[in-house]
């Protein structure tokens, strides 16, 4: 290396004798070099080369990653990994291939999450927050994860659950395992033992929240969620349908599991959300005749495992509707309606069995309410505008009639002239 540096960097030294030793000290002892600046330059380059060589050959000791009991990756595979582009699925066995084919024929719908402004419109923000904290899922306010169809299909097609509730699944062709406690931490839940509701609670509770006569009974196939009188309870039921329960655009019937969840919401009994999520994931993976409405939870699991997607175009994001249960959806649920006098105002629709005769007007986005005199003036102004439009239409009709008459006379005259 010293020969090369000497001959290439300083060509004017080509005819000089090169010392056998390559160390800088040996170079300093050579008396034949007349150009001392050349020697100093070569010595400096040698020092730099020696230092760089030692730096590149030195290897920093690698610390071994400690495996946790919450998240377990496949052998020799780190839990956290970066994916530049979401890969094509590599099936593990024919079973996953068959399940993936079946799942891919089912539509994936995005989840709908909490909209705090809608809760304000329903005048139940404080009540909803308090009850949600009692049942142990206050983090639901922070959920906004989108759903990705290819991620959802791969996860569900490879999902298995062990006897100790450990989940085993694949994401981007990498095997993962997550324990029940690890899954609990991902959603900021608590590990609890679920307290069951009282025996034969369904009918009394159903009559309580609907106000139906005592002659009625709870029948899941006939229990319509619109019968629930409380806007807060109806909002919670619909929220569960679009998130954890994953039913989406259902027929509006309140199933047994949903009624039980609403019972916990009413009584404040904490919910074992982790077990419920595991059951719902398995239900979504194996129920062939329903849409998949749980992709946002799978996205949260992938994020908590440290899977980052740099190329978002390779992930097929599910679109189709707004990601929150907003005021427009509440209008569709007949919980709100627009005021006939002002389309910018929203009216809280009372339930048919509510003793209140009329709904309460809710100004949208804190818009000030008009007085009765202002409303009358607004109606009179609208009437004047309508009369003005009618007069303008009559003028246009008269003008068009006159033009048609002139055109007819011209055509008649032209016809007579051509025949003569």
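The values are calculated or read from the model by the stated rules, or taken from the named source; none is laboratory data. All values reported here derive from a predicted model rather than from experimental measurement. Cβ coordinates were reconstructed from backbone atoms using ideal geometry, including for glycine residues, and neighbour counts include every protein chain displayed.
Report yes if some residue within the stretch 229-242 is in a strand (DSSP E or B) and touching a strand residue (DSSP E or B) at 6+ places or on another chain (Cβ under 8 Å); otherwise report no. No; the residues of the stretch 229-242 include none that is in a strand (DSSP E or B) and touching a strand residue (DSSP E or B) at 6+ places or on another chain (Cβ under 8 Å).
Applying the condition of being surrounded by fewer than 13 Cβ atoms within 10 Å (Cβ to Cβ) and under 22 Å from residue 148 (Cβ atoms) to the stretch 85-96 and asking which residue is nearest to the chain's Cα centre (by Cα) yields 88. Here 385, 398 are screened, and the one residue that is at pLDDT 75 or above and assigned to a helix (DSSP H, G or I) is 398. Selection of first residues in the stretch 279-307 that are on the phi > 0 side of the Ramachandran plot and of second residues that are surrounded by fewer than 23 Cβ atoms within 10 Å (Cβ to Cβ), restricted to Cβ pairs under 8 Å at least 6 apart or on distinct chains, gives the following pairs, ordered by first then second residue: 306/79; 306/80; 306/81. Is it the case that residue 175 is in contact (Cβ under 8 Å) with a residue 40 or more places away in the chain, in contact with a strand residue (DSSP E or B) (Cβ under 8 Å, 6 or more places away or on another chain) and surrounded by fewer than 16 Cβ atoms within 10 Å (Cβ to Cβ)? Judged against the criteria, residue 175 is a match. Of the residues making up the stretch 119-139, those that are surrounded by fewer than 18 Cβ atoms within 10 Å (Cβ to Cβ) and not in a loop (DSSP other than H, G, I, E, B) are 120, 125, 126, 127, 129, 130, 133, 134, 138, 139.
Can you pull out the residues in the stretch 243-259 that are buried (at least 19 other Cβ atoms within 10 Å of the Cβ) and assigned to a helix (DSSP H, G or I)? Passing the criteria: 258, 259.
Does the stretch 306-325 contain any residue that is crowded, with 19+ Cβ neighbours inside 10 Å, in contact with a helix residue (DSSP H, G or I) (Cβ under 6 Å, 6 or more places away or on another chain) and closer than 24 Å to residue 96 by Cα? The answer is yes, given that some residue of the stretch 306-325 is crowded, with 19+ Cβ neighbours inside 10 Å, in contact with a helix residue (DSSP H, G or I) (Cβ under 6 Å, 6 or more places away or on another chain) and closer than 24 Å to residue 96 by Cα.
Here residue 263 meets each of (1) within 25 Å of residue 134 (Cβ to Cβ); (2) part of a loop (DSSP other than H, G, I, E, B) with one exception, condition (2).
From the list 159, 212, 167, the one residue that fits, being surrounded by 15 or more Cβ atoms within 10 Å (Cβ to Cβ), at pLDDT below 95 and more than 16 Å from residue 306 (Cα to Cα), is 212.
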